[in-house]
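Here is the structure we will look at, set down as structure tokens.
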Amino acid sequence: MRSKGWLAGYMTKPDTWCFAAEEASELVAFTILSKTGPLEAEFRIALRADQIGQGFGRAIATQTLAKGFSEIGLFRIHFIVRKINPGAIRLYERLGFVGRGECSKNIDGKETLFLVMDISNVSYQKQRLPE
């Protein structure tokens, strides 16, 4: 929720959708879907620090996946998550994302390890079918 964070960088990018979660008229979380190919998009999510563990992450991620697959017509949604964030990784796995590998990036002068994850529309639809 920084003034020069993801929202600022993605708001004017073509083929990008931003979704917000508010509480008491204040932004508490947001997600971004930004196309990286004809039928795929990168997923980004951010929660205000005091809102972690309150259910906003799961709620907004679930709604974003539904819009991405049902309304936008994506086949695949992918992202990277810091490997030192096991709580987030568990949430993404519960949502149906699968780890596909690892990568590292230089963040503020420090090498940071990430897990690459994705979910396909087929996997998304299968886990939503009644048993």
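The values are calculated or read from the model by the stated rules, or taken from the named source; none is laboratory data. Quick caveat: nothing in here was measured; it's all calculated off a predicted structure. With ideal geometry, Cβ positions are generated from the backbone for all residues, glycine too; neighbour counts draw on all protein chains shown. Ligands, DNA and RNA are excluded from the accessible area calculation, which covers all protein heavy atoms including side chains. Shrake-Rupley method; radii C 1.70, N 1.55, O 1.52, S 1.80 Å.
Tabulated values for the structure
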| read-out | value |
| --- | --- |
| Some residue of segment 6-16 being touching a strand residue (DSSP E or B) at 6+ places or on another chain (Cβ under 7 Å), in a strand (DSSP E or B) and modelled with pLDDT of 90 or more | yes |
| Residue selected from segment 102-131 under the condition assigned to a strand (DSSP E or B) and of a type in the set (Ser, Thr, Tyr), by the criterion surrounded by the fewest Cβ atoms within 10 Å (Cβ to Cβ) | SER104 |
| ARG44 being outside any loop (DSSP other than H, G, I, E, B), closer than 17 Å to GLN127 by Cβ and of a type in the set (Lys, Arg) | no |
| Odd one out for ILE84 among (1) open to solvent by 60 Å² or more (accessible area, probe 1.4 Å); (2) farther than 24 Å from ALA29 by Cα; (3) outside any helix (DSSP H, G or I) | (2) |
| Segment 21-52 - residue that is among the polar types (S, T, N, Q) and at pLDDT 85 or above and, of those, most open to solvent (accessible area, probe 1.4 Å) | SER25 |
| Any chance GLY99 is open to solvent by less than 60 Å² (accessible area, probe 1.4 Å) and over 20 Å from GLN127 (Cα atoms) | no |
| Residues being surrounded by 17 or more Cβ atoms within 10 Å (Cβ to Cβ) and over 17 Å from ILE119 (Cα atoms) - total across segment 53-81 | 1 |
